[in-house]
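Novice: Input: one structure, supplied below.
The values are calculated or read from the model by the stated rules, or taken from the named source; none is laboratory data. Not measured: the values here are computed from a predicted model. In this analysis, Cβ positions are derived from the backbone assuming ideal geometry, glycine residues included, and neighbour counts consider all displayed protein chains.
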Amino acid sequence: MLVSCKKENPVPEEPTPTPVNTPTGSTTPTPVGADGVMWAIKSTSSVQGFTIEIGTAVGIFMNGTTTLVNVGNVSVNSQNLSAASNNAYTFTPNQTLPTGLDFSSSTNWSVAGGNGHAAFTYDASSLTFPSGSAITSPATVTKANGYTLTCSTVSGADSTLFMIGNVSKTISGSVTSCTFSSAELSGLSAGTSVVMIVPYKLMQTTINGKNYYFGKERVNQLAVTIE
């Protein structure tokens, strides 16, 4: 049930890149000391020569620990996110919205509240998406040789995350290339996988005494064979 909402849009702060924790296999890092993080995500992939962009969203909320808590209904641009059993909130495309969320004009978040989090709404539209071009690296990852994950351009990012399977590195700023050694790739299983380059931006604000972060990221991915 949606309780009374107090809209607070204080002037956002855009500090230098924030220390983050990035779980294995995740493209949505959690800033250290955050009470909640809400991500708007644009994912781009190439399918049979066509480029497809899909809009998704992720939200997580904590209450003094690293354990995720349920905060009631969470939505962005009036589209509800689903809460998983671990209390992580996600939006995925469906039959009504096959290409997902449209972030072209707004990014308006609404949280009903619960477990120590008061209800709030927040307009994160002022935070712009970073940009990144298609991945230009080979579609075969030979673990014994190492692998350089590359694209032509990245701009407007606080940090750039590079990922091969579930192995990732994050580099501060707008970065177009990252090399993984054979040792770093040794634990990957052979077969079909995905590599990603993910430039992202974070914005911090305090609402109802809680430390919230709003993020925007662009996920460029390429299907690869690991051998």
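Novice: Count, please, the residues in the stretch 168-199 that happen to be under 16 Å from the mean Cα position of the chain (by Cα) and more than 12 Å from Asn220 (Cβ to Cβ).
Specialist: The number of residues fulfilling the criteria is 7.
Novice: Right, another one. Can you find a residue in the stretch 8-20 that is of a type outside the set (A, V, I, L, M) and at pLDDT 50 or above?
Specialist: If we filter the stretch 8-20 for residues that are of a type outside the set (A, V, I, L, M), which is where we start, we get 8-10, 12-19.
Okay, now just the ones that are also at pLDDT 50 or above, so 18-19.
So far as the stretch 8-20 goes, yes, one or more of its residues are of a type outside the set (A, V, I, L, M) and at pLDDT 50 or above.
Novice: Quick one: count up the residues across the stretch 124-148 that are surrounded by 14 or more Cβ atoms within 10 Å (Cβ to Cβ), in contact (Cβ under 8 Å) with a residue 60 or more places away in the chain and assigned to a strand (DSSP E or B).
Specialist: 4
Novice: Regarding the stretch 38-52, can at least one residue be identified that is among the small types (Gly, Ala, Ser), surrounded by fewer than 19 Cβ atoms within 10 Å (Cβ to Cβ) and touching a strand residue (DSSP E or B) at 6+ places or on another chain (Cβ under 7 Å)?
Specialist: Yes, the stretch 38-52 has at least one match.
Novice: Moving on to the next point. Out of (1) surrounded by 19 or more Cβ atoms within 10 Å (Cβ to Cβ); (2) within 20 Å of Ser78 (Cβ to Cβ); (3) at pLDDT below 95, what's the single condition that is false for Ser168?
Specialist: Here Ser168 meets the rest and fails (2).
Novice: Given the stretch 173-227, what strands (runs of 3 or more DSSP E) lie entirely inside it while holding 2 or more residues that are of a type in the set (Asp, Glu) and buried (at least 19 other Cβ atoms within 10 Å of the Cβ)?
Specialist: Of the strands (runs of 3 or more DSSP E) lying wholly inside the stretch 173-227, none has at least 2 residues that are of a type in the set (Asp, Glu) and buried (at least 19 other Cβ atoms within 10 Å of the Cβ).
Novice: I would also like to ask the following. Give all pairs with beta carbons closer than 6 Å in which a residue from the stretch 73-97 that is in a strand (DSSP E or B) meets a residue that is loosely packed, with under 10 Cβ neighbours inside 10 Å and modelled with pLDDT of 95 or more; count only pairs at least 6 apart in sequence or on separate chains.
Specialist: Correct list of pairs: empty, since none qualify.
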